[in-house]
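S.K.: Quick one: the structure is below, and I'll ask about it shortly.
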Amino acid sequence: MHQHNLGHLDHPWTISQKLYDHWKLAILSFFGSGIAQSVFSIVYPHPSFTFGLASNLVLALALIPGFLYILSEFARLADATDASPKRAVKMMIVGFAIFFGFGVAMPNAYRIVFDVFNVSLPYDPSLRYLLIAGDLAGKLVMGLATVFARKLGPYNVSLEPEIPQSMRAWLGEGLEGIGIIMIIFGFVIGVGIFAFAAFFLIIVGATILPIGYLIRKFWR
């Protein structure tokens, strides 16, 4: 039986050993940058270009180590079959979905619609606080799920041989993955001169995603 050794990396997708050893600092930096960003967004709703660029750069640099550590823990437990690792992975996915939806997708959706169609969607002032709260909540869920995942051993992966997938199942999963990536990338780049490209990526991705799902579910 394997002994848990969380002080040493043994997964090919994990980050550097040094950052893994200082995971508490990385997570605290992740939490701190998320809270600081929320506070700045409330206190300075319309910052100058210089202040906004500088603050975003500093916060991003503080966020990256923790995000990379979260990604490594997700990769370590992604194929786990035990209940606890699966629960941690689901929490990470839910946290990322909340963070992306409130922190990236919804704010950029307003910019994309305006830049592409020259239309300003209704924007209630209270919505800004909802977006800030959702962005922070998603980061907190991801971080807390990773803290929980740290306690889980690295050997919770099933050793049973994988059942070969059919070509249709492989095609369906591939299309789903491509659709999700296109949608995410579209919302991320959806600012200014990239608005038209972002709109195209989102529409195509939103079309490919359900096609892949239908192929995977119903075409046996």
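Throughout, read-outs are computed from the coordinates displayed, never taken from laboratory work. All of these numbers come straight from a predicted model, not from anything done at the bench. Every residue, glycine as well, gets a Cβ built from its backbone with ideal geometry; the counts of neighbours run over all protein chains shown.
S.K.: Take N56 and R128, extend 7 Å from each Cα along the Cα→Cβ direction, and tell me the distance between the two endpoints in nm.
M.R.: Distance between label points: 1.6 nm.
S.K.: For the chain, report the translational diffusion coefficient in µm²/s to the nearest whole number, using Stokes-Einstein at 37 °C, 0.692 mPa s, and a Kirkwood Rh over Cα pairs.
M.R.: Translational D for this selection: 168 µm²/s.
S.K.: For the pair L171/K18, report the inter-label distance in nm, with labels modelled 7 Å from Cα in the Cβ direction.
M.R.: Distance between the two pseudo-spin positions: 4.8 nm.
S.K.: Okay, next question. If I take R0 = 35 Å and measure r between the Cβ atoms of F196 and L28 in this structure, what FRET efficiency does the formula 1/(1 + (r/R0)^6) give, to the nearest 0.05?
M.R.: 0.30
S.K.: If you don't mind, there's one more thing I want to ask. Evaluate the Debye formula for region 161-220 with equal point scatterers sitting on the alpha carbons, no solvent, and hand back log10 of I(q)/I(0) at q = 0.14, 0.16, 0.25 Å⁻¹, in q order, two decimals.
M.R.: The computed values of log10 I(q)/I(0) come out as -0.44, -0.53, -0.86.
S.K.: Moving on. For the chain, what number of Lys pairs, 8 or more residues apart or on separate chains, have alpha-carbon atoms under 20 Å from each other?
M.R.: Qualifying lysine pairs in the chain: 8.
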